Amino acid sequence: MNNCFRKNGVALFNQDCLEVLHSFPDESIDLIVTDPPYTTTPRGNAGNSGGMLQKKINKDGKVFTHNSITALEYAPEFYRLLKDGSHCYIMTNHIHLIEFLNTFTDLRTDEERKQGKKPYGFHFIKSLIWNKGNKIQGQFYMSQFEYILFFRKGRGVKINNCGTADILDIPNKKTKGADGKNLHDTEKPVELMKILIENSSQPNQIVLDPFAGIGGVPRACIQSGRKCIACEIDPTYCETMTELVESETLCKL
C-alpha cells in the first residue's frame, strides 16, 4: 500500500480507499467519520473559479475528478470493519440523502435480493445538521447546512456527551494557500470533526476516514488523542493533508 505518512498512531494512504479497506480485518475499527465524494446540483453556468477542468466539473455537478464511487461500493466494507456497537457518521447533501439512507440500512446486492436474503446493515439513529453559517445562492432557497447521517452497527451505545445538540453550529472556514485560494473546496472544520470523534470514541481508539481530503479527521484525532487511518486518492490533497497532519503532530510534542 502507498503509505504516505505513519507517525504517533496516524496512518495516511494516498490510494483508492477500497484497496486499503480490503487489507484490514473484520471488526478492527472503532469509529468511521467521513465526507464521501458525491455529485452536487449542476450549476447553470460554470462559475468564475478554477481552470477549464474545474469549471467543467462545476457545471456537470461534480466537485472533484474522483467522483464516481457509489455508496454500495464502500458501505459493506464500513459495516465489516466496524466493531459491534460502533458509530458511523456520513456527510451528504439533499440529493443523495435517500440513496445513502437506503444503502447503509440495507447492504444487500441485487443478487442477494433475488435470492431472498433478509435485509441487513446499519441502524439509522438520526440526522445531525451542520449549520455552516454561510449561505450559497440557489434558484429556490439558499443552502446553509449539510446533513450528517448518524448510524450504528449492532447494539446501541450512547454518545459520550448526551447534551450535544443535533444542530452543530460550526463556521465553515476553509484553509487557504499562499495564493489566498481554498486548499480544498469542501474541507470540513476540525472542530466539527472533533465533536463527532469525541462523542463516539474513547482515547486511543481507531477512527477511520476513507475520503480524507486534506485531513480534518486525522487532525481532529490528534487533538483528541485518538488513532486514525485516513485515505485520500488525490495525490495533491494527500500531500497537503500530510503537511497539515505533520504540523499538528509537531504541535502535540
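The values are calculated or read from the model by the stated rules, or taken from the named source; none is laboratory data. Since this is a predicted model, take the numbers as computed values, not measurements. No Cβ is skipped: glycine too gets one built from the backbone with ideal geometry, and neighbour counts run over all protein chains shown.
Per the conditions (1) of a type in the set (A, V, I, L, M); (2) part of a helix (DSSP H, G or I); (3) touching a Lys or Arg at 6+ places or on another chain (Cβ under 9 Å), the sole criterion not satisfied by I195 is (3). Every listed requirement among (1) at pLDDT below 95; (2) out of contact with any Pro (no Cβ under 9 Å at 6 or more places or on another chain); (3) surrounded by 14 or more Cβ atoms within 10 Å (Cβ to Cβ); (4) not in a loop (DSSP other than H, G, I, E, B) is met by K83 save one, (1).
Residue pairs whose Cβ atoms lie under 6 Å apart, separated by 6 or more positions or on different chains, with the first residue in the stretch 195-207 and over 11 Å from G225 (Cβ atoms) and the second part of a loop (DSSP other than H, G, I, E, B) and of a type in the set (D, E), do not occur. Across the stretch 1-39, which residue is modelled with the lowest pLDDT among those that are surrounded by fewer than 18 Cβ atoms within 10 Å (Cβ to Cβ) and of a type in the set (S, T, Y)? Ranking the candidates gives T39 first. Condition test on A212, is it touching a helix residue (DSSP H, G or I) at 6+ places or on another chain (Cβ under 8 Å), over 15 Å from K7 (Cβ atoms), among the small types (G, A, S) and part of a loop (DSSP other than H, G, I, E, B)? The answer is yes for A212. Might you let me know whether the stretch 135-145 holds any residue that is modelled with pLDDT of 95 or more and either assigned to a loop (DSSP other than H, G, I, E, B) or loosely packed, with under 13 Cβ neighbours inside 10 Å (or both)? No: zero hits.
Run down N161, N204 and say which single residue is surrounded by fewer than 18 Cβ atoms within 10 Å (Cβ to Cβ), at pLDDT 95 or above and at negative phi. Step by step, each of N161, N204 is checked, and only N161 is surrounded by fewer than 18 Cβ atoms within 10 Å (Cβ to Cβ), at pLDDT 95 or above and at negative phi. Note down all Cβ pairs under 8 Å where the first residue falls in the stretch 110-137 and is within 29 Å of V33 (Cβ to Cβ) and in contact (Cβ under 8 Å) with a residue 60 or more places away in the chain, the second is in a helix (DSSP H, G or I) and aliphatic (A, V, I, L, M), and they're at least six residues apart or on different chains. Between residues of the stretch 110-137 that are within 29 Å of V33 (Cβ to Cβ) and in contact (Cβ under 8 Å) with a residue 60 or more places away in the chain and residues that are in a helix (DSSP H, G or I) and aliphatic (A, V, I, L, M), the close pairs are W130/L192.
When the stretch 222-243 is filtered for residues that are over 14 Å from K188 (Cα atoms) and assigned to a helix (DSSP H, G or I), the ones remaining, listed by number, are I222, Q223, S224, P235, T236, C238, E239, T240, T242, E243. When the stretch 159-192 is filtered for residues that are of a type in the set (D, E) and either in contact with a Lys or Arg (Cβ under 6 Å, 6 or more places away or on another chain) or not in a loop (DSSP other than H, G, I, E, B) (or both), the ones remaining, listed by number, are D169, E187, E191. From the list K188, K153, the one residue that fits, being in contact with a helix residue (DSSP H, G or I) (Cβ under 9 Å, 6 or more places away or on another chain), in contact (Cβ under 8 Å) with a residue 24 or more places away in the chain and closer than 21 Å to N131 by Cβ, is K188.
Applying a threshold of 6 Å to beta carbon distances and a minimum spacing of six or more residues, or different chains, the list of pairs starting in the stretch 71-85 at a residue that is closer than 16 Å to L101 by Cβ and touching a residue at least 12 places away in the same chain (Cβ under 8 Å) and ending at one that is crowded, with 18+ Cβ neighbours inside 10 Å and of a type in the set (F, W, Y) reads A71/F100; A75/F104. In summary, I129 fulfils each of the numbered conditions (1) surrounded by 14 or more Cβ atoms within 10 Å (Cβ to Cβ); (2) farther than 21 Å from I195 by Cβ; (3) of a type in the set (A, V, I, L, M) with the single exception of condition (2).
Within the stretch 216-236, residues that are on the phi > 0 side of the Ramachandran plot reach partners that are modelled with pLDDT of 95 or more and surrounded by fewer than 24 Cβ atoms within 10 Å (Cβ to Cβ) with beta carbons closer than 7 Å, at six or more positions or on different chains, in the pairs G225/P203; G225/N204.
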